[in-house]
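The values are calculated or read from the model by the stated rules, or taken from the named source; none is laboratory data. These numbers were taken from a predicted model, which means no experiment stands behind them. Because the Cβ atoms are built from the backbone with ideal geometry, glycine has one as well, and the counts that use them run over all protein chains shown. Note: accessible area is taken over every heavy atom of the protein model, side chains too, but ligands, DNA and RNA are not part of it. Shrake-Rupley method; radii C 1.70, N 1.55, O 1.52, S 1.80 Å.
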Amino acid sequence: MKFFIDTANLDQIREAQDLGVLDGVTTNPSLMAKEGISGEDNIISHYKAICEIVDGDVSAEVISTDFDGMVQEGEKLAALDDKIVVKVPMIKEGVKAIKYFSQKGIKTNCTLVFSAGQALLAAKAGATYVSPFIGRLDDISTDGLGLIEDIRLIYDNYGYDTEILAASVRHSTHILECAKIGADVMTGPLSAILALLKHPLTDIGLEKFLADHKNASAK
Ligand code: E4P
């Protein structure tokens with residue numbers, strides 16, 4: 001299972017990269033705004049900075065909602081670095097743009113996916129990744145993980161190459177459940193990744209080992 005970090009914060013991206021388990025980064029306009037990044041030149045420089053830190057794919061989202069605008073923006077983003085994946089919203093013009101990019105060999109991430117039907121369309125259009133937002137579904141009392149299961153079943157039925165990128169992950173349990181279902185990738189906050197480290201018996205056990213070693217050395 002690939003681990004992507006869902007942030008535009010360079011320190012957090014570096015920390016996840018340093019841990020040695022990072023496979024890529026996802027960003028979106030809200031995450032860029034949260035870091036105070038605005039204006040085309042600054043946005044482009046920020047994507048370049050992210051690409052310099054990580055080894056894997058970096059999703060950069062288009063702002064346009066019409067086909068021509070998405071193509072123009074996406075081609076410019078894709079030209080920045082081989083790691084760039086053009087993130088396109090699941091709307092009618094977005095599906096057309098994904099088809100266009102896939103024929104051109106440009107990687108895409110179909111975002112804002114909330115149903116299996118949308119995921120089926122994304123795969124048929126040739127998306128590299130599909131991003132079902134599980135946390136936002138859970139927020140409205142809908143089964144986000146159930147959606148990942150449905151998409152896994154459908155993609156396996158037909159052998160679609162599109163990778164299921166479980167997005168809007170909120171906590172480590174989401175990561176584990178996605179891994180059990182067979183999501184290809186998960187993207188979440190650094191806190192969810194670091195929470196996988198935690199077990200009270202690990203801390204207690206380590207404390208005891210170190211104390212026993214210290215006592216033995218003192219004798
Ligand atoms: C996906 O790529 C999105 O950036 C992201 O996962 C959205 O998550 P949120 O629901 O926490 O905003």
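Values computed for the structure shown
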item: Residue satisfying condition, being part of a helix (DSSP H, G or I) and under 28 Å from Leu10 (Cβ atoms), within set Thr173, Thr202; result: Thr173
item: Single residue of the range 3-22 satisfying the filter (within 14 Å of the ligand (Cβ to nearest atom) and outside any helix (DSSP H, G or I)) that is surrounded by the fewest Cβ atoms within 10 Å (Cβ to Cβ); result: Asn9
item: Failed criterion for Asp55 (all others in (1) outside any strand (DSSP E or B); (2) within 14 Å of the ligand (Cβ to nearest atom) hold); result: (2)
item: Residues (assigned to a strand (DSSP E or B) and not β-branched (Val, Ile, Thr)) located in the range 77-135; result: Lys87, Pro89, Asn109, Cys110, Leu112, Tyr129, Ser131, Pro132, Phe133
item: Residue within the range 41-48 that is of a type in the set (Asp, Glu), over 18 Å from the mean Cα position of the chain (by Cα) and at pLDDT 95 or above present; result: yes
item: Residue within the range 171-185 that is on the phi > 0 side of the Ramachandran plot and open to solvent by less than 50 Å² (accessible area, probe 1.4 Å) present; result: yes
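Each row is one residue, and each column tells you yes or no for (1) more than 24 Å from His174 (Cβ to Cβ); (2) in contact (Cβ under 8 Å) with a residue 12 or more places away in the chain.
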position	(1), (2)
Lys92	yes, no
Val95	yes, yes
Ser102	yes, yes
Ala122	no, yes
Ala127	no, yes
Ile148	no, yes
